[in-house]
């Protein structure tokens, strides 16, 4: 007997035309196909022109004898023919999915599940199946020009980080979506478009031996180098023309891709109902964040000589821990409908203010996908069994995949530890305690204060320490922090809408229930800035009152605790600001480097600009280094850092003076060292914040519950912040360049007019080359 198939039941009644491609899909498919056809015909015609010129040149040389000028024309035309033709026959390998390949013998239940699903949808069964640890599922395959005629065999990737958070019904929906791309006959046009688009992308992106040959010619003797320069100019022109035409094709392809996603979603709906896929989409973000945290925990354990046997268990424990930290029992879980009658109208995702530009948004917004899936609501029970049930020996499989995270040779040398203990150590930081309302979650508490003296001048105190402490971390603090995060999101979204980086959902800008015109955004931003100022002031007042209340308690208790807490706050302020300064300089250096190298060529003025920035960064880091050297660390911090002499071991930029000869090596080296220095300062800030919170906990207990603590403990030796160090308040960061200069925009075709200008120039060069070669040869 065969293996019984563990397979969730589908919906009872499904409209026959549910998965029939919409008229908009068919229009986009034919537009994309027409654009690709014209593009390919033009591209092949250009190649034929150079091939004919080459043939005529060879024929003339054979007939009339040696002619140096004609020989040069013939060789150049031959190289250009080769340049155009080689991409048509390139094969793009799918690459290593970085997982393990499984067979039907390894996982009979899983393959029975996959085969039955593919057959039910009408999709081809996967050729190969791979398991990876990521939160992902995908179909991939090799591509070549032959795949425009013959379908490529599909390979399936199943990410176990995704399986780990899904039910069996949700897994069926996710895999059905992937198979849905290839299920319908009408999808054949979409396959042609996708394959052709990948091949064209290869034409534009690949740089190989032919490019190296042309560059090499340009570096030889001047009598030959001019030939390399000429070929480089012509090849640049061909790529520029092809790239511009290709962008027009991409517009149609992106619109088609969105339609394909909608159609694939409906294929999933047809076999699982309207809710399963949407619930799975809702789980993705939390699942991915938990997976990344689990990997971070695993790396921390490796550094301590330990390993986790089951990273997927660590992912689950992380999600539970996040629910506690955020005080949100539903974190990572889709909200359920109130009852069966309201299920059709129930929505999991909310309307977003904006989204990426439609032409680049291959996947529709989640809210749009939900509306599409529920436009004709298909009711179906979601099989709540774990998705792991279709895997044979799931525990051993999880262990095997988890082992891939570790170096094979050192795996057995690491001591195995429980995932619960490891994850809890990660979440054991006092700053993550729910009693703090999220006040210390991903927030620099000292950045809003220009100095420790300003903190001590802000806030308010009651008559006694006990009264002051009773008012710290109120319930409304959680709401204020949420409002601050929401406000930052609103401001960044509106700025992106104003610059064109984002496009409004549905073509209409909606903000707080009202429709806005683009011209209204600056005024709204001013209003939001005023709100942010008030909210920031309120949070500053809270932070100051909180720390001053504990300093008040420390003064009452004595035994050196006042000096110790005061020193901790000073060190925390200096480390947070120093880290911010270093990150700011690193961002400036990286931004300048990216701008001047955007077009692959660095001119005189660009070189002078990067030199000026590098020298300014070096000068600023001299101030940072001076501040770091004068840090007097606490014994606890010294032990945690593992240093013996801070002044000797304190990291410095310590690079030679930057000049015209060494700047190419200096900038990447400086960027890397800045990253290391900032990382250390951020790590020190985290350690200091933990010590501040633990110390304040002890002080609060000493005042509020004196019998619960040892009231004879003397404070450790206090640390001391530098007298002077660079400070960077929020909003004072460098204004980084977000738009290239005119010459770079011309070369890279950024913007309508630069694109048009580049097309005109490149088209003239290509046209003149073809015409001249045709006449001469």
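Annotations
- From the list 461, 497, 456, the lone residue that is more than 17 Å from residue 542 (Cβ to Cβ) and in contact with a helix residue (DSSP H, G or I) (Cβ under 9 Å, 6 or more places away or on another chain) is 497.
- Only residues that are assigned to a helix (DSSP H, G or I), surrounded by fewer than 16 Cβ atoms within 10 Å (Cβ to Cβ) and without any contact (Cβ under 8 Å) to a residue 24 or more places away in the chain were counted in region 385-395, giving 0.
- Meets criteria (surrounded by 15 or more Cβ atoms within 10 Å (Cβ to Cβ) and modelled with pLDDT under 80) for residue 70: yes
- Candidate set from region 431-470 (those that are surrounded by fewer than 16 Cβ atoms within 10 Å (Cβ to Cβ) and not in a loop (DSSP other than H, G, I, E, B)); member that is nearest to the chain's Cα centre (by Cα): 434
The rows are residues; the columns are (1) under 34 Å from the mean Cα position of the chain (by Cα); (2) assigned to a helix (DSSP H, G or I); (3) not assigned by TED's automatic domain parsing to the domain that holds residue 170.
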{"position": "7", "(1), (2), (3)": "no, no, yes"}
{"position": "13", "(1), (2), (3)": "no, no, yes"}
{"position": "16", "(1), (2), (3)": "no, no, yes"}
{"position": "29", "(1), (2), (3)": "yes, yes, no"}
{"position": "33", "(1), (2), (3)": "yes, yes, no"}
{"position": "39", "(1), (2), (3)": "yes, yes, no"}
{"position": "43", "(1), (2), (3)": "no, yes, no"}
{"position": "50", "(1), (2), (3)": "no, yes, no"}
{"position": "53", "(1), (2), (3)": "no, yes, no"}
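- Candidate set from region 641-683 (those that are assigned to a loop (DSSP other than H, G, I, E, B) and within 16 Å of residue 620 (Cα to Cα)); member that is modelled with the lowest pLDDT: 654
- Scanning region 276-287 finds no residues that are surrounded by 20 or more Cβ atoms within 10 Å (Cβ to Cβ), within 26 Å of the chain's Cα centre (by Cα) and over 23 Å from residue 333 (Cα atoms).
- Take the conditions (1) surrounded by 20 or more Cβ atoms within 10 Å (Cβ to Cβ); (2) within 16 Å of residue 439 (Cα to Cα); residue 554 misses just one of them, which is (2).
So that you can scan it fast, the table gives a plain yes or no per residue for (1) part of a loop (DSSP other than H, G, I, E, B); (2) modelled with pLDDT under 90; (3) surrounded by fewer than 16 Cβ atoms within 10 Å (Cβ to Cβ); (4) touching a strand residue (DSSP E or B) at 6+ places or on another chain (Cβ under 9 Å):
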residue	(1), (2), (3), (4)
295	no, no, no, no
376	yes, no, yes, no
383	yes, no, no, yes
397	no, no, no, yes
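- If you go through region 558-596 and keep only what is crowded, with 24+ Cβ neighbours inside 10 Å and either touching a strand residue (DSSP E or B) at 6+ places or on another chain (Cβ under 9 Å) or in a loop (DSSP other than H, G, I, E, B) (or both), you end up with just 571.
- Taking the criterion of being closer than 29 Å to residue 693 by Cβ and buried (at least 16 other Cβ atoms within 10 Å of the Cβ), the residues of region 484-507 that qualify are 484, 487.
- For residue 270: the one exception among (1) in contact with a helix residue (DSSP H, G or I) (Cβ under 7 Å, 6 or more places away or on another chain); (2) crowded, with 18+ Cβ neighbours inside 10 Å: (1)
- Residue count for region 18-27 under the criterion of being assigned to a helix (DSSP H, G or I) and crowded, with 17+ Cβ neighbours inside 10 Å: the result is 1.
- Filter pass, residue 155 being touching a strand residue (DSSP E or B) at 6+ places or on another chain (Cβ under 7 Å), at pLDDT 65 or above and surrounded by fewer than 21 Cβ atoms within 10 Å (Cβ to Cβ): yes
- Whichever residue in region 62-78 is in contact with a helix residue (DSSP H, G or I) (Cβ under 7 Å, 6 or more places away or on another chain) and free of Cβ contacts under 8 Å to residues at least 40 places away in the same chain and, among such residues, is farthest from residue 770 (Cα to Cα): 67
- Checked against (1) modelled with pLDDT under 80; (2) under 28 Å from residue 180 (Cα atoms); (3) out of contact with any strand residue (DSSP E or B) (no Cβ under 6 Å at 6 or more places or on another chain); (4) surrounded by 18 or more Cβ atoms within 10 Å (Cβ to Cβ), residue 97 meets all criteria but (3).
- Residues being without any contact (Cβ under 8 Å) to a residue 40 or more places away in the chain and within 30 Å of residue 456 (Cα to Cα) are entirely absent from region 500-517.
The values are calculated or read from the model by the stated rules, or taken from the named source; none is laboratory data. Everything numeric here is computed off the predicted structure, so don't read it as measured data. Because the Cβ atoms are built from the backbone with ideal geometry, glycine has one as well, and the counts that use them run over all protein chains shown.
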